Amino acid sequence: MTIEAAKYRVSHPDRHLACQEAVERDLQEIIDKANMRGWGTLETMEAIEEVMRHLRLAYAEDPDPAEEPIMDARLFLHKHPTDEG
């Protein structure tokens with residue numbers, strides 16, 4: 001998987017859209033691979049959304065994990081269980 005380098009300044013109005021375009025191909029590849037392994041498209045998309053939610057929470061807690069030991073989404077969930085588990 002390869003993501004194209006940012007081509008706009010942070011303040012550019014099209015930067016957000018360009019980022020979406022840069023990651024879309026790889027996300028589609030992840031969904032395709034999950035489909036080939038027996039996972040449905042919708043359940044894969046829902047799983048990606050849930051993982052993103054957890055990553056957002058972890059990022060909100062520690063926006064610069066390079067300064068401390070890595071805390072991935074699984075560790076965050078272990079430390080902060082959700083209603084589902």
* To do: Being part of a helix (DSSP H, G or I) and basic (Lys, Arg) is the filter; apply it to segment 25-42 and report the residue that is surrounded by the fewest Cβ atoms within 10 Å (Cβ to Cβ).
  => 33
* Structure fact -> Counting only residues that are surrounded by fewer than 14 Cβ atoms within 10 Å (Cβ to Cβ) and small (Gly, Ala, Ser), segment 43-61 contains a total of 1
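Quick note: the coordinates plus some simple rules give every number you see, no bench work behind them. The structure presented is a predicted model; accordingly, all values stated were derived computationally and were not measured. Cβ: placed from backbone, ideal geometry, glycine included. Neighbour counts: every protein chain shown.
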